[in-house]
Protein chains: 2
Amino acid sequence: MTEPQQSTEPTDTTVQGDETAGPSKNELKKRAKAAEKERKAAEKAQKQKEESEKQAAAEVDVAAEFYGPLPLNQSQSRPNRQRVPISTLSARDGETVLLRARVHTSRGQAKMVFFNLRQRTDSVQAILSVAPGKVSKQMVKWAASITLESIVLVEGVIQKSPEPVKSASVDDVEVHVTKIFLIAGVEARLPFSLDDASRPESEVEAADAQFNRVLLETRLNNRVVDLRTQTNQAVFGIQAGIGDLFREFLSANGFIEIHSPKLQGAATESGASVFKVGYFKGTAYLAQSPQLAKQMAIAADFERVYEIGPVFRAEDSNTHRHLTEFIGLDLEMAIEEHYHEVLELLDNLFLSIFRGLRQRYSKEIAVIGKQFPAEEFKWREGPEGTLKLRFSEAIDLLVNDGVAREELDDINTENEKRLGRIIKAKYDTDYFIIDKFPMALRPFYTMPDPQDPTLSNSYDFFMRGEEILSGAQRIHDPTLLAEKMKSKGVEPESMQGYLDAFRVGCPPHGGGGIGLERVVMLFLKLNNIRRASLFPRDPKRLEP
Amino acid sequence: MTEPQQSTEPTDTTVQGDETAGPSKNELKKRAKAAEKERKAAEKAQKQKEESEKQAAAEVDVAAEFYGPLPLNQSQSRPNRQRVPISTLSARDGETVLLRARVHTSRGQAKMVFFNLRQRTDSVQAILSVAPGKVSKQMVKWAASITLESIVLVEGVIQKSPEPVKSASVDDVEVHVTKIFLIAGVEARLPFSLDDASRPESEVEAADAQFNRVLLETRLNNRVVDLRTQTNQAVFGIQAGIGDLFREFLSANGFIEIHSPKLQGAATESGASVFKVGYFKGTAYLAQSPQLAKQMAIAADFERVYEIGPVFRAEDSNTHRHLTEFIGLDLEMAIEEHYHEVLELLDNLFLSIFRGLRQRYSKEIAVIGKQFPAEEFKWREGPEGTLKLRFSEAIDLLVNDGVAREELDDINTENEKRLGRIIKAKYDTDYFIIDKFPMALRPFYTMPDPQDPTLSNSYDFFMRGEEILSGAQRIHDPTLLAEKMKSKGVEPESMQGYLDAFRVGCPPHGGGGIGLERVVMLFLKLNNIRRASLFPRDPKRLEP
């Protein structure tokens, strides 16, 4: 932090007398006169010096009181003076307020500075202008030199603005600054301006060269600055909101939260694509889902459990929708009669999340829409309910649309998106469920269909033509489970602890896992999953 | 699953006529008579056979209708018959109900079976006895053979019990069973009985040899069965409850939830005791806390953030209070005037959790107290508030108690417990705060005290004499931060992304991290942290 320019020390005005040898009487008289003169001069000088020092001290005091940097460690005193949010300023016309904010923009003129001060998604205009006895030229000069993105503490009077301030979210009032202090400065060159980072993506695409386009790569390399945009403040508000809505719905439906270990003794589930960890003198593996643990929790009588936690995928895929680490919203529940109990609960969970987002986060959705224009996310309400198709019906839709049936053993990413478009056109929904996947496409622990063993009691959920949930009824019988393991090339001995959970009695159960970042990306149409992760991880990125 | 014994097929009673050559008229007459007789006999036999088959079919139907194993895959039909919780049975006197439960105990007599049926922390007595036309001997025999811990579906009539049933949590009614089906059997020998696993720890300690003591090691090796005890059902209810209370308080105080990556590009914070991960062709490290990320979130304007997630510690310590993976409840917030804002918020957070546990989980606390007897956890309420000591005052308490001052550069585990006892005796509280730790004992990112640079703006929170939270104001100035890094032997270049976050302006801030399992262990006095973790991980345990 740089010290502000302060008044200079006055120069010493003391006069030194000449020294000569053998003085006459006249000379002595002269000297006495001179000494007297000198004494007086010294006295005067001393007075002047004192005056000057006093004045200087006074000026320093003024600076410390009205402007300048605050001490680095702010925990020195606690006056308990309330600092107000910018969002409340419209209601404070005439009040003197204190607020902490970032300098979003600043524009200095001869005797005044205009600031745009920012707090997260809110901003307000602030004006500092020279006023005799209150605001000095030096103060204005100092304030004008504050670098963008610095954090300041401002005292000012709230006044109605003569006309709406276009650049500020609070546009009907402005702050007339009386004091301004620097809390934290910026010591690095900003990688990009917040305004550039906030431009609509379509605008950017339309005129690459004209605008300072901020590439995703640049943003992610400088994520701390990137995250300060209104858009990103809103994105991560919504990410947190989805977690809240997930928990609220499940708590109300008798679920309890569990925490299962991410360090596992064996490379489970598929054997492939797990990260190896050095574990003291041995090896551990990072869990690629809480699948095994949550099923074991069901065998342990917890009945209905959910978990929110990181899952790790060692897949070397650099697509727009894959991360090596993401947040899984997982749940598992005992079944009474039929696995459609699970499917329906999951459907109601999603509807509850969609409704909650629309109700609680309309402001944030609108803010994000400015940078990422998107048709509003649509789902079906009312008695007809969510569109549920069987896998075979989804295939038929694709075949009727011109896809060759031969290439539809599975639905690849491209056909998934195509199916999304077909369904959007036909049913006007961005959200649907596909049930009854072929057994061959699902993991070993999936329960086969009781009528047709080539099919399974499993389902996927889709948003805007991309999979966001995969789930199924699980096999709870240890004999059938061991058999299916073998048929999929998994050695039952390698998963003894898991198998044992079913040997001691486990109720029929099912569940599903949701990718949090995918829900955020697809609901808001952010087009790249990295935008929905605070500090994303992919095969090429481990920093910041 | 074994098929129940069913009625045997009836033998064929059809009579075959003799065949002779050259019959006389009389003979013919005789024959006609015989044929007539034969026809009648055949008719009768046919009738008998039909009757018998009908009867056999009826008996088979009775078995399938009244008892036997259900098909493995229960997703075959969906009659939508409500299954009730045991906890509601007292209010259902006279009703016929359907319920799914575990066979906790079973005792067969000549013509009846007594069951104790269990659902999590609830249980009820059920009786099946022979009743002509309703319950056959075979049905009773089959039901008596159901192994303990099997899951059954029972239909029965609720009746007032003649006297309170001591062994059941619902003791005023019993279930008179009319139908019983096996949902899932037990195919392995149980490692221990649930009753043995539920004995009070003091009783076990007092009479090791007399009781089938279930060692912690045995429990953890067979965690799925161990978790079914009433105690463990309650422990993990409370663990989930602490998470809920943590989030509720912080949401109400303007915090948002974040999710930071556990995979990091560098071995940060201390350089030691982190797990190494093979990351494609390179190396990653598991985060030993979300410290860096949550501070960066503050630099990114999120103001107040919290995270609930796994943290990893590669310390080879097998104590009662260390895990290699545990759940961190972390928070970080911008400071306005003084770091005591953070300390006070954290204090209010804990008080809110303690009060919430007492209000919402008194039943669970009582259940756990039966197996782990403990003095109720005490904290100070009212105007005097939580006991807050300076580090130097805590040292004085220990010195006055007889500890040599020379050995008190730091407070080791033993002295920590001693301090807890001193404070409990003097202030009657199990919960207190120590503020102002020496700078030498804290990590590089800790803000020094502005008056005395040998001290720091940092604090620890304690429950029953053990540390459960560590926190501080952090250094938000990049120059001072780099300097402190060097002085603690950390190369600033190795943490470029972290340092950069402060170069672009970061407000003063502070926070803390809580170990969830420690709070559970200490609030309930479980004496070993492994009991507070669903599937604990330590240097010697990665399974199950």
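The values are calculated or read from the model by the stated rules, or taken from the named source; none is laboratory data. Predicted model, so just to flag it, every value in this text is computed and none were measured. Here Cβ is always computed from backbone atoms with ideal geometry, including for glycine, and neighbour counts include all displayed protein chains. Side chains are part of the model used for accessible areas, which takes the heavy atoms of the whole protein and leaves out ligands, DNA and RNA. Shrake-Rupley method; radii C 1.70, N 1.55, O 1.52, S 1.80 Å.
For the reader, a short list of remarks on this structure follows.
- Taken over the stretch A:311-325, the residue count meeting the criterion of being touching a Pro at 6+ places or on another chain (Cβ under 7 Å) and facing chain B (nearest Cβ under 8 Å) is 3.
- Whichever residue in the stretch A:124-155 is of a type in the set (Gly, Ala, Ser) and open to solvent by less than 10 Å² (accessible area, probe 1.4 Å) and, among such residues, is farthest from A:Gln230 (Cα to Cα): A:Ala143
- Residue match in the stretch B:515-525 (condition: in contact with a strand residue (DSSP E or B) (Cβ under 7 Å, 6 or more places away or on another chain), more than 13 Å from chain A (Cβ to nearest Cβ), small (Gly, Ala, Ser) and in a strand (DSSP E or B)): no
- Among the conditions (1) assigned to a helix (DSSP H, G or I); (2) of a type in the set (A, V, I, L, M); (3) within 11 Å of chain B (Cβ to nearest Cβ), the only one that A:Ala472 does not satisfy is (1).
- Candidates A:Gly309, A:Gly278 - the one that is under 30 Å from B:Pro539 (Cα atoms) and either part of a loop (DSSP other than H, G, I, E, B) or in contact (Cβ under 8 Å) with a residue 40 or more places away in the chain (or both): A:Gly309
Table: residues versus (1) out of contact with any Phe, Trp or Tyr (no Cβ under 8 Å at 6 or more places or on another chain); (2) open to solvent by less than 70 Å² (accessible area, probe 1.4 Å); (3) modelled with pLDDT of 65 or more.
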position: A:Lys40; (1), (2), (3): yes, no, yes
position: A:Glu51; (1), (2), (3): yes, no, yes
position: A:Ala58; (1), (2), (3): yes, yes, no
position: A:Asp61; (1), (2), (3): yes, no, no
position: A:Gly68; (1), (2), (3): no, yes, yes
position: A:Leu72; (1), (2), (3): yes, yes, yes
position: A:Ser75; (1), (2), (3): no, yes, yes
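- Test: residue in the stretch A:143-160 that is within 14 Å of chain B (Cβ to nearest Cβ), assigned to a strand (DSSP E or B) and basic (Lys, Arg): no
- Residue within the stretch A:434-457 that is without any contact (Cβ under 8 Å) to a residue 60 or more places away in the chain and in contact with a Gly (Cβ under 8 Å, 6 or more places away or on another chain) present: no
- A:Ala293 vs. criteria farther than 20 Å from A:Trp379 by Cβ, assigned to a helix (DSSP H, G or I) and either within 8 Å of chain B (Cβ to nearest Cβ) or open to solvent by 30 Å² or more (accessible area, probe 1.4 Å) (or both): yes
- First in the stretch A:375-401 and within 20 Å of A:Leu349 (Cα to Cα), second anywhere and open to solvent by 80 Å² or more (accessible area, probe 1.4 Å), Cβ under 8 Å, 6 or more apart: A:Phe377/A:Lys525
- Selection status of B:Leu534, of a type outside the set (Phe, Trp, Tyr), crowded, with 21+ Cβ neighbours inside 10 Å, more than 13 Å from every other protein chain (Cβ to nearest Cβ) and part of a loop (DSSP other than H, G, I, E, B): no
Quick grid of which residues meet (1) farther than 30 Å from B:Glu201 by Cα; (2) surrounded by 24 or more Cβ atoms within 10 Å (Cβ to Cβ); (3) of a type outside the set (A, V, I, L, M, F, W, C); (4) at the interface with chain A (Cβ under 9 Å from one of its Cβ atoms):
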| residue | (1), (2), (3), (4) |
| --- | --- |
| B:Lys426 | no, no, yes, no |
| B:Leu441 | yes, no, no, no |
| B:Thr446 | yes, no, yes, no |
| B:Pro450 | yes, no, yes, yes |
| B:Leu455 | yes, no, no, no |
| B:Pro478 | yes, no, yes, yes |
| B:Ser487 | yes, no, yes, no |
| B:Ser494 | yes, no, yes, no |
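- Of all residues making up the stretch B:107-118, the number that are open to solvent by 40 Å² or more (accessible area, probe 1.4 Å) and within 14 Å of chain A (Cβ to nearest Cβ): 0
- Beta carbons closer than 9 Å, at least 6 apart along the sequence or on distinct chains, pair a first residue in the stretch A:342-359 that is of a type in the set (Val, Ile, Thr) with a second that is part of a helix (DSSP H, G or I) for A:Ile353/A:Gly241; A:Ile353/A:Ile242; A:Ile353/A:Leu245; A:Ile353/A:Phe246; A:Ile353/A:Phe249; A:Ile353/A:Val519; A:Ile353/A:Phe523.
- Looking across the stretch A:339-360, the residues that are within 14 Å of chain B (Cβ to nearest Cβ) and surrounded by 21 or more Cβ atoms within 10 Å (Cβ to Cβ) come down to A:Tyr339, A:Val342, A:Leu343.
- A:Asp460 vs. criteria touching a Ser or Thr at 6+ places or on another chain (Cβ under 6 Å), touching a residue at least 24 places away in the same chain (Cβ under 8 Å) and in the same structural domain as A:Gly510 (by TED's automatic domain parsing): yes
- Taken over the stretch A:88-104, the residue count meeting the criterion of being open to solvent by less than 50 Å² (accessible area, probe 1.4 Å) and part of a strand (DSSP E or B) is 8.
- Criterion violated by B:Ala240 - all others in (1) more than 8 Å from chain A (Cβ to nearest Cβ); (2) closer than 24 Å to A:Leu245 by Cα satisfied: (1)
- Flag for A:Arg405 being open to solvent by 30 Å² or more (accessible area, probe 1.4 Å) and modelled with pLDDT under 95: yes
- Residue satisfying all of: in the stretch A:416-455; part of a helix (DSSP H, G or I) and more than 33 Å from the chain's Cα centre (by Cα); nearest to A:Gln473 (Cα to Cα) among these: A:Met439
- Criterion: more than 24 Å from A:Gln239 (Cα to Cα), hydrophobic (A, V, I, L, M, F, W, C), in contact with a Phe, Trp or Tyr (Cβ under 9 Å, 6 or more places away or on another chain) and within 11 Å of chain A (Cβ to nearest Cβ) - qualifying residue of B:Ala299, B:Ala284, B:Ala267: B:Ala284
- Of all residues assigned to the stretch A:494-517, at least one qualifies as being within 30 Å of A:Phe246 (Cα to Cα), under 16 Å from the mean Cα position of the chain (by Cα) and of a type outside the set (Gly, Ala, Ser).
- A:Gly505 being in a loop (DSSP other than H, G, I, E, B) and at pLDDT below 95: no
- With respect to being open to solvent by 10 Å² or more (accessible area, probe 1.4 Å) and out of contact with any helix residue (DSSP H, G or I) (no Cβ under 7 Å at 6 or more places or on another chain), B:Asp396 fits the description.
- Scoring B:Gly513 on the criteria (1) small (Gly, Ala, Ser); (2) open to solvent by 40 Å² or more (accessible area, probe 1.4 Å); (3) under 18 Å from B:Asp330 (Cβ atoms) leaves a single failure, condition (2).
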